Amino acid sequence: MAQWAEAAGKGRSLQGCGAPWGPADIISTVEFNHTGELLATGDKGGRVVIFQREQESKQQPQRRGEYNVYSTFQSHEPEFDYLKSLEIEEKINKIRWLPQHNAAYFLLSTNDKTVKLWKVSERDKRPEGYNLKDEDGRLRDPSMITTLRVPVLRPMDLMVEATPRRVFANAHTYHINSISVNSDYETYMSADDLRINLWNFEITNQSFNIVDIKPANMEELTEVITAAEFHPHHCNAFVYSSSKGTIRLCDMRAAALCDRHAKFFEEPEDPSNRSFFSEIISSISDVKFSHSGRYIMTRDYLTVKVWDLNMENRPMETYQVHDYLRSKLCSLYENDCIFDKFECVWNGSDSVIMTGSYNNFFRMFDRNTKRDVTLEASRENSKPRAVLKPRKVCVGGKRRKDEISVDSLDFSKKILHTAWHPSENIIAVAATNNLYIFQDKVN
Amino acid sequence: MFVRGLKRKCFDGEEDIEGTLAGIKAIPSYNLQRQSLLDMSLVKLQLCHMLVEPNLCRSVLIANTVRQIQEEMTQDGTWQMINTQSTGQTSLDRLVSTDILCRSSREQAEGKQVPGYSSFNKDFEDDQTQDSSETMSTSSSVQTPRNLQSNVWEMENPQESRGNFQKSLDQIFETLENKNPNSVEDLFSEVDNSYYDLDTMLTGMMSNTKMGHCDGLETFSSPTTATSNSNCKSDLNELDHIVEILVES
């Protein structure tokens with residue numbers, strides 16, 4: 001497996017560089033665009049920060065993985081629903097990029113209720129010499145206009161503008177947990193706890209409900225949707241995961257309302273590991289198609305699983321993320337950590353998967369060599385550009401040097417969100433209010 | 001780990017709470033642990049219901065856990081057993097068992113004190129030294145209904161207690177889709193207050209979690225904030241206060 005080092009001195013903890021920070025600065029989502037040139041983060045305060053990769057230069061080859069702030073904007077504001085007497089948080093739950101078709105970039109961002117389509121574009125020229133407006137944009141007195149002139153474009157400092165192009169509101173009663181752009185690039189879906197809606201990018205006032213698992217009587221509710229994603233190539237297929245640890249693949253060609261799944265992925269429960277927490281820890285927190293579209297990866301509380309689309313009865317591969325927590329489930333239930341929603345990502349070639357853990361640790365699993373590594377995103381324990389040292393958690397017995405005991409793990413430092421560059425070994429890791437960018441070490 | 005259907009040995013060797021060990025040993029520890037898990041889950045659910053829009057996934061998972069425990073208790077007839085065995089100390093024991101439940105077996109064997117729970121034990125010791133009428137309450141406003149003796153499990157008629165419990169569960173499940181802050185009031189007014197000592201459970205949980213790895217905010221994390229207009233009765237003031245602290249921290 002590759003060795004990893006922090007991308008660059010300047011790129012180090014790009015957000016919140018030691019400055020005072022509050023809960024609003026906690027990063028809630030991280031996403032590379034399709035080329036990997038841009039990296040977007042969303043935070044609890046409703047802001048989106050976009051980082052752009054520095055152009056490679058022969059003089060400074062070490063700057064190849066450096067990302068710098070490109071644009072920052074307030075995507076969502078706190079709102080109040082007067083009908084329900086309910087505050088709507090501004091926290092960005094997910095960001096998804098649209099493929100780039102012209103000079104501008106487009107992304108979708110969502111909080112609990114509302115999805116927004118943002119256009120991020122550059123401007124380095126401005127028009128001057130309008131006839132009806134003066135330089136400040138105020139209308140001129142028509143009686144003062146005596147001659148006509150031709151406006152001209154004058155160069156100016158590069159400005160990056162973010163403008164909201166569409167607002168998709170009022171379609172979700174519950175909290176949106178996923179958005180996914182379809183491979184037809186004309187539609188996308190948004191999933192909440194009980195329903196999934198299909199939208200056209202051009203139409204904001206209506207959406208199609210494609211999945212609805214809300215029981216007529218809410219007392220009978222025992223299962224919720226936890227994540228959903230479109231197939232990367234087949235625009236008719238999508239998957240969604242549930243709190244009972246199952247995944248359903250749906251085909252939109254079969255029916256408009258996909259209440260009946262095409263495939264149902266479920267692993268039989270291991271009776272030897274059965275406990276009152278079995279259901280909670282099997283609840284799936286994230287589901288991702290591989291780039292090839294052949295596999296799906298799911299993350300539950302203790303493991304990551306890779307499923308073959310052609311095998312529904314069990315996963316192909318199961319990787320233990322932090323099995324040492326199995327003996328701590330009761331305290332993790334008591335302090336609510338057991339409900340943390342860890343995400344998972346594929347590398348560009350689908351050969352390595354990455355997911356987060358506690359104590360600012362994150363894990364990588366090489367599917368070919370079956371090797372795995374635990375790394376730490378931390379400022380205290382790493383020098384700039386130094387190779388990240390693999391970390392080890394000691395389970396019982398004697399603790400060796402460099403090992404950390406299970407009891408001294410910090411459960412408030414959790415890595416929930418990570419992203420992998422679409423084609424290169426560059427990863428982004430969100431650790432509370434800090435964003436770390438690591439790249440494989442080239443000697 | 002809390003394996004279902006498996007009896008666990010009582011731990012011993014903790015000198016500081018030795019006095020309570022006799023009480024624990026009297027009742028099978030698995031049942032105690034299950035009971036404390038049930039208590040913990042019910043408190044979590046009740047806190048969920050104080051929010052206008054709780055985290056649905058979390059609420060459903062907790063509610064399913066409660067259902068599972070309830071089902072198992074009904075099957076093995078623990079209902080009646082607890083009913084006959086319980087003494088005035090039961091709710092205390094239950095609180096202590098929460099403590100036991102959250103220690104790993106290794107720590108128990110070594111007799112080490114988990115830092116996160118030391119304050120809990122201390123509270124407990126303090127409680128013990130006090131007069132039982134003052135025991136368990138941090139506020140003086142709700143003394144009467146919180147009589148330790150009048151426990152739901154100790155009611156004369158098992159059917160009645162069962163029905164009561166069933167009722168409270170139903171209310172909790174019903175309010176999963178809770179939009180109405182008043183239902184919080186309903187929940188508390190209709191459920192037997194003496195079922196367990198909610199305040200102490202809460203303060204216990206709070207001190208546990210504060211000392212523990214997660215801070216209060218994350219402990220009761222939910223995407224929504226608590227309702228500001230929860231017009232609960234006076235005996236809920238303290239609870240409100242706690243929730244406010246949780247939300248603000």
Exercise for review: Give the accessible area for B:Met50 in Å² (nearest 10); use a 1.4 Å probe, count only protein heavy atoms, and leave out ligands, DNA and RNA.
Suggested key: 10 Å²
Exercise for review: Enumerate the amide H contacts of A:Lys392 below 5 Å, restricted to partners 5 or more residues apart or on another chain; note that Pro and chain-start residues carry no placed amide H.
Suggested key: A:Ile404
Check your understanding: Averaged over B:60-71, how many beta carbons belonging to a partner chain fall within 10 Å of each residue's beta carbon?
Key -> 4
Practice item. Could you list which residues have their amide H under 5 Å from that of A:Ala7, counting only those 5 or more apart in sequence or on another chain, with H placed in the peptide plane? Key: A:Ile437, A:Phe438, A:Gln439
Practice item. Calculate one ³J(HN,Hα) per residue across segment A:127-132 by plugging θ = phi - 60° into the Karplus curve 6.51 cos²θ - 1.76 cosθ + 1.60, and present them in order as whole Hz with x for glycine and proline. Key: x, 10, x, 5, 7, 9
Review point. With a ≥ b ≥ c the root eigenvalues of the C-alpha gyration tensor of segment A:217-369, is it rounded (a/c under 1.5), prolate (a/b larger than b/c) or oblate?
Key: oblate
Review point. Which pairs break 28 Å Cα to Cα here: A:Lys84/A:Lys119; A:Lys398/B:Lys44; A:Lys341/B:Lys44; A:Lys91/A:Lys133; A:Lys414/A:Lys441?
Key: A:Lys84/A:Lys119; A:Lys398/B:Lys44; A:Lys91/A:Lys133
Exercise for review: Using amide H atoms built 1.01 Å from N in the peptide plane, name the residues 5+ places from A:Leu86, or on other chains, whose amide H lies under 5 Å from its own.
Suggested key: A:Asp81
Check your understanding: When the Kirkwood radius is taken over all Cα pairs of segment A:174-267, what Stokes-Einstein diffusion coefficient follows at 25 °C and 0.890 mPa s, in µm²/s?
Key -> 182 µm²/s
**Study point:** Interface burial for A against B (accessible surface, 1.4 Å probe, total of both chains, Å², rounded to 100)
**Key:** 4400 Å²
**Study point:** Compactness of segment A:309-418, expressed as Rg and Dmax over alpha-carbon positions, Å
**Key:** 15.2, 46
Revision key, fill the gap. Compactness summary of chain A: radius of gyration and Dmax from Cα atoms, Å, are 23.8, 91
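Quick one: which of A:Lys244/A:Lys288; A:Lys328/A:Lys392; A:Lys113/A:Lys244; A:Lys214/A:Lys244 span more than 20 angstrom between C-alpha atoms? Each step should come with its number before you reach the end.
Values: A:Lys244/A:Lys288 17 Å; A:Lys328/A:Lys392 18 Å; A:Lys113/A:Lys244 24 Å; A:Lys214/A:Lys244 15 Å.
Listed pairs above 20 Å: A:Lys113/A:Lys244.
Suppose only helical runs count, i.e. DSSP H with n ≥ 4. What mean residue ellipticity at 222 nm does that imply for chain A under -39500 (n - 2.57) per run, divided by all residues and rounded to the nearest 500 deg cm²/dmol? Working shown, then result.
Details: 2 runs with 11 residues, N = 443.
My calculation for chain A gives -500 deg cm²/dmol from helical runs alone.
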Check your understanding: Among A:Asp25, A:Asp286, what's the order by accessible area (1.4 angstrom probe), most exposed first?
Key -> A:Asp25, A:Asp286
Review point. On average, how many beta carbons from a partner chain sit within 10 Å of the beta carbon of a residue in A:405-414?
Key: 3
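Work out the mean other chain Cβ neighbour count within 10 Å for the residues of A:209-220 and drop it here as an integer. Walk me through the numbers before you get to the answer.
Numbers: counts 0, 0, 0, 0, 0, 1, 0, 0, 3, 7, 8, 2.
Whole-number average of other-chain Cβ neighbours for A:209-220 is 2.
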Review point. Taking the highest mean first, how do the peptides A:81-88, A:198-205 order by number of other beta carbon atoms within 10 angstrom per residue?
Key: A:198-205, A:81-88
Check your understanding: Which of A:Lys113, A:Lys398, A:Lys288 moves the most in a Gaussian network model of chain A with Cα springs under 10 Å?
Key -> A:Lys398
Point to revise | In Å², nearest 10: area of A:Leu139 left accessible to a 1.4 Å probe | key: 140 Å²
Point to revise | Residue-wise HN-Hα coupling along segment A:209-214, computed from phi with Karplus coefficients 6.51, -1.76, 1.60 (Hz; x: Gly, Pro) | key: 7, 9, 9, 9, 10, 5
Revision key, fill the gap. Most fluctuating of A:Tyr130, A:Tyr185, A:Tyr358 in the GNM of chain A (C-alpha, under 10 Å) is A:Tyr130
Revision key, fill the gap. Taking Cα pairs closer than 8 Å and at least 6 residues apart, the relative contact order of segment A:274-367 in percent is 23 percent
Review point. Measuring from the lowest to the highest alpha carbon on each principal axis, how far does segment A:230-281 reach, largest first, in angstroms?
Key: 40, 21, 15
Check your understanding: Hey, if you drop one equal point scatterer on each alpha-carbon of segment A:67-156 and run the Debye formula without solvent, what base-10 log of I(q)/I(0) do you get at q = 0.11, 0.21, 0.23 Å⁻¹?
Key -> -0.61, -1.02, -1.13
Practice item. Report the percentage of all Cα-Cα pairs in segment A:363-441 whose separation exceeds 23 Å, rounded to a whole percent. Key: 26 percent
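Contact order normalised by length for chain A, with contacts defined as Cα pairs under 8 Å and 6 or more residues apart; what percent is it?
Working: 1058 pairs, mean separation 62.5, N = 443.
That works out to 14 percent.
The values are calculated or read from the model by the stated rules, or taken from the named source; none is laboratory data. The shown structure was predicted, so the numbers you read here are calculated from the model rather than taken from an experiment. Using ideal geometry, Cβ is built from the backbone for each residue, glycine included, and neighbour counts are taken over all protein chains shown. Side chains are part of the model used for accessible areas, which takes the heavy atoms of the whole protein and leaves out ligands, DNA and RNA. Shrake-Rupley method; radii C 1.70, N 1.55, O 1.52, S 1.80 Å.
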